[in-house]
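*Asks:* I am attaching a structure below and will ask some questions about it afterwards.
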Amino acid sequence: MEVKAKRENFLATLYWTQSIVERRNTMPILANVLVEASKGTLRITATDLEVGVRGSLDAEVSQEGMVTLNAKKFYEIVREAPEETIQLRRLENEWVEIRSGRSVFKVVGLDAREFPQFPRFDGERLSAAPAGVLKEMIEKTLFSASTDETRHNLNGVFVEELPGGKVRMVATDGHRLALVERDLGSLGLDKGVILPRKGLAELKKVLEGSDGGVASLGFKENMGLVVKEDVELFMRLIDGEFPDYNKVIPTDNP
């Protein structure tokens, strides 16, 4: 693999990976990002198996291929690079040369074939939604999600479709409850799902500044995917039953 790209594009894409990668884990590969070069595009992926993000950037690809690099080290090298162009070249035995101007770094990675696969979604399974509205709904519910790991089914936000193209988000920690409804159109949900707290926190970052624009959402088996411009974010849905929140909502309010 051999590829060149602008430093600012590298930084913008690597930024999304920093809070995803696991610093402490039993799988060393999860501390790395997967870097894939093909057909004028460079894709960088990070995951902790529960939440994952993949960003794409334009690049000059001389030789296609893929490598993995420690996410933190790679980000620090790119951030301190002296020139605006950065070159990556794969060497033998998983070593990678990172070059910027006169600065040359050699970093050892891990076998890219060990990196977990990114979930695949068919384009027709994605539904468009206003990014600004989606961000607002997250902001108005996420704070109420429980941080108690023993209450697994409350560690996220419950999402369900209502008649008339409305979508409802609900979160509770057992002491307070937040609920919001907005017109988002159909998300293709047959039943309500629970989106994890960490996944929604990362999604909120991706949607920051998105008062306009569109995000594409899709659900497949136990996974959810959101695409916003050049960033794809997936999250594993929480397996559990969300409590019947309707029982605690007063029905005689004016």
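The values are calculated or read from the model by the stated rules, or taken from the named source; none is laboratory data. Here the structure is a predicted model, which is why all the values come from computation and not from measurement. Glycine gets a Cβ as well: all are built from the backbone with ideal geometry, and neighbour counts include every protein chain shown.
*Asks:* G165: touching a strand residue (DSSP E or B) at 6+ places or on another chain (Cβ under 8 Å), within 17 Å of L195 (Cβ to Cβ), in the same structural domain as M235 (by TED's automatic domain parsing) and not hydrophobic (A, V, I, L, M, F, W, C), yes or no? Can you show your working first?
*Replies:* Working: touching a strand residue (DSSP E or B) at 6+ places or on another chain (Cβ under 8 Å): yes; within 17 Å of L195 (Cβ to Cβ): no; in the same structural domain as M235 (by TED's automatic domain parsing): yes; not hydrophobic (A, V, I, L, M, F, W, C): yes.
For G165, the condition - touching a strand residue (DSSP E or B) at 6+ places or on another chain (Cβ under 8 Å), within 17 Å of L195 (Cβ to Cβ), in the same structural domain as M235 (by TED's automatic domain parsing) and not hydrophobic (A, V, I, L, M, F, W, C) - is not met.
*Asks:* K205 - would you say it is basic (K, R), within 13 Å of L126 (Cα to Cα) and touching a residue at least 60 places away in the same chain (Cβ under 8 Å)?
*Replies:* Values: basic (K, R): yes; within 13 Å of L126 (Cα to Cα): no; touching a residue at least 60 places away in the same chain (Cβ under 8 Å): yes.
Spelling it out, it is not the case that K205 is basic (K, R), within 13 Å of L126 (Cα to Cα) and touching a residue at least 60 places away in the same chain (Cβ under 8 Å).
*Asks:* Condition test on E208, is it crowded, with 20+ Cβ neighbours inside 10 Å, at pLDDT below 95 and acidic (D, E)? Don't jump to the end; show me each part of the working.
*Replies:* Working: crowded, with 20+ Cβ neighbours inside 10 Å: no; at pLDDT below 95: yes; acidic (D, E): yes.
In short, no.
*Asks:* Look through segment 155-177, keep the residues that are buried (at least 18 other Cβ atoms within 10 Å of the Cβ) and either among the small types (G, A, S) or touching a residue at least 60 places away in the same chain (Cβ under 8 Å) (or both), and return whichever of them is farthest from K220 (Cα to Cα).
*Replies:* Restricting to residues being buried (at least 18 other Cβ atoms within 10 Å of the Cβ) and either among the small types (G, A, S) or touching a residue at least 60 places away in the same chain (Cβ under 8 Å) (or both), the top hit is T172.
*Asks:* Please verify whether K135 is crowded, with 16+ Cβ neighbours inside 10 Å and within 21 Å of V35 (Cβ to Cβ), treating the condition exactly as stated.
*Replies:* On the way: crowded, with 16+ Cβ neighbours inside 10 Å: yes; within 21 Å of V35 (Cβ to Cβ): no.
Here the answer is no, as K135 does not meet what is asked.
Residue by residue, here is whether (1) part of a strand (DSSP E or B); (2) buried (at least 16 other Cβ atoms within 10 Å of the Cβ); (3) at pLDDT below 95; (4) at positive phi holds:
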| residue | (1), (2), (3), (4) |
| --- | --- |
| A5 | yes, yes, no, no |
| I20 | no, yes, yes, no |
| N25 | no, no, yes, no |
| I44 | yes, yes, no, no |
| E83 | no, no, yes, no |
| R99 | yes, yes, no, no |
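*Asks:* In segment 52-68, which residues are in a strand (DSSP E or B) and surrounded by fewer than 21 Cβ atoms within 10 Å (Cβ to Cβ)?
*Replies:* Here is the first cut: in segment 52-68, the ones in a strand (DSSP E or B) are 52-58, 60-63, 65-68.
Matches in segment 52-68: S56, L57, D58, E60, V61, S62, Q63, G65, M66.
*Asks:* For K140, indicate whether it is of a type in the set (K, R), under 30 Å from K6 (Cα atoms) and surrounded by 14 or more Cβ atoms within 10 Å (Cβ to Cβ).
*Replies:* On the way: of a type in the set (K, R): yes; under 30 Å from K6 (Cα atoms): no; surrounded by 14 or more Cβ atoms within 10 Å (Cβ to Cβ): yes.
No, not satisfied.
*Asks:* Which residue, of F143, F118, is within 21 Å of the chain's Cα centre (by Cα), closer than 19 Å to K228 by Cα and not in a strand (DSSP E or B)? Before the answer, list the steps.
*Replies:* On the way: F143 fails: closer than 19 Å to K228 by Cα.
Being within 21 Å of the chain's Cα centre (by Cα), closer than 19 Å to K228 by Cα and not in a strand (DSSP E or B) holds for just one of F143, F118, which is F118.
*Asks:* Being in contact with a strand residue (DSSP E or B) (Cβ under 8 Å, 6 or more places away or on another chain) and of a type in the set (G, A, S) is the filter here; which residues of segment 1-37 pass it?
*Replies:* A5, A12, A31, A37
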